[in-house]
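Q: Shown below is the structure under consideration.
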Amino acid sequence: MADLSLTLSPQTPADFAAIEKLDERAFGPGRFARSAYRLREGVEPDYSLSFVARVGTLLVGANRVTPIFCGERPALLFGPLTVDPPFRSGGIGEELVMKSLDAARAAGHRLVLLVGDMSYYGKMGFLPVPPDRLVFAGPVDPERLLYCELAEGAFEGVKGKLRRALR
């Protein structure tokens with residue numbers, strides 16, 4: 001019988017097609033118009049911080065971590081986090097988030113931002129960005145803009161426009 005245990009592993013460029021199909025099923029074609037997608041556009045994910053989840057050989061979840069700048073400070077943009085609908089509510093998303101946060105912390109990164117629900121991400125250490133601190137290039141519900149300090153005080157004094165960190 002095949003091993004159907006969950007495994008998390010770093011994303012590779014070879015995973016791209018499967019992740020795109022997963023994102024399409026989860027978010028539809030309108031995902032490309034979202035401000036967070038536009039901020040990531042043209043920037044490769046950091047493959048050492050972005051992970052895929054597999055049950056056996058089936059890719060059932062993925063996340064992406066992309067370098068950005070908050071004003072003049074380097075940071076990471078987390079997302080999208082995608083879990084195949086039949087596998088949701090099993091903790092796969094949380095495992096992917098924590099794996100990326102642990103890897104980012106170990107690599108010396110200090111700050112992660114995302115656009116998401118506080119009710120979900122709050123239990124993983126994310127907090128709402130205070131009003132008027134950060135500016136997205138496009139529309140974003142300010143209540144959904146969240147940050148997580150990977151080092152104490154990392155968000156102190158951070159303000160300005162979020163922008164791509166082109167390599």
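Q: On a straight-distance basis, which lysines could pair with residue 161 in a cross-link, Cα separation under 28 angstrom, same-chain partners fewer than 8 positions away excluded?
A: Here the lysines satisfying the reach criterion relative to residue 161 are 99, 123.
Q: Could I ask something else about it? Taking +1 at the Cβ of each Lys and Arg and -1 at the Cβ of each Asp and Glu, which of 85, 53, 71 sits farthest along the dipole of the chain towards its positive end, judged by Cα position relative to the Cα centre?
A: Going by the Cα projections, it comes out as 71.
Q: Could you list the GluC sites (Glu not before Pro) in region 71-121 that lie in coil according to DSSP, counting only those with at most 14 other Cβ atoms within 10 Å of their Cβ?
A: 72
Q: Nothing charged except the Cβ atoms of Lys and Arg (+1) and of Asp and Glu (-1): what's the magnitude of the dipole of the chain about its Cα centre? Round to the nearest 20 debye.
A: With Lys and Arg at +1 and Asp and Glu at -1, about 400 debye.
Q: Related question: Would you compute, from DSSP H runs of 4+ residues alone, the mean residue ellipticity of the chain at 222 nm, taking -39500 (n - 2.57) per run and dividing by the full residue count, rounded to the nearest 500?
A: -6500 deg cm²/dmol
Q: List the GluC sites (Glu not before Pro) in region 102-156 that DSSP assigns to loop (not H, G, I, E or B) and whose Cβ has at most 14 other Cβ atoms within 10 Å. Which are they?
A: Hits after loop and neighbour filter: 152, 156.
Q: Right, here's the next one. Compute the angle between helix 92-106 and the longest alpha-carbon principal axis of the chain, please, reported from 0 to 90 degrees and rounded to the nearest 10.
A: Its long axis makes an angle of about 50 degrees.
Q: Still on this structure: Binning at 5 angstrom from zero up to the longest distance, how are the C-alpha pair distances of region 77-148 distributed in percent?
A: 3, 15, 26, 23, 18, 11, 4, 0
Q: On a 0 to 90 degree scale, rounded to 10, what angle separates helix 16-27 from the longest Cα axis of the chain?
A: Roughly 70 degrees between the two axes.
Q: Then there's this: Taking the chain as a Gaussian network, where each spring joins two C-alpha atoms under 10 Å apart, which residue of 65, 55, 112 fluctuates the most?
A: 55
We did not get these values from a lab; they are worked out from the coordinates using the rules stated. Keep in mind it's a predicted model, so treat the numbers as computed, not measured. Every residue, glycine as well, gets a Cβ built from its backbone with ideal geometry; the counts of neighbours run over all protein chains shown.
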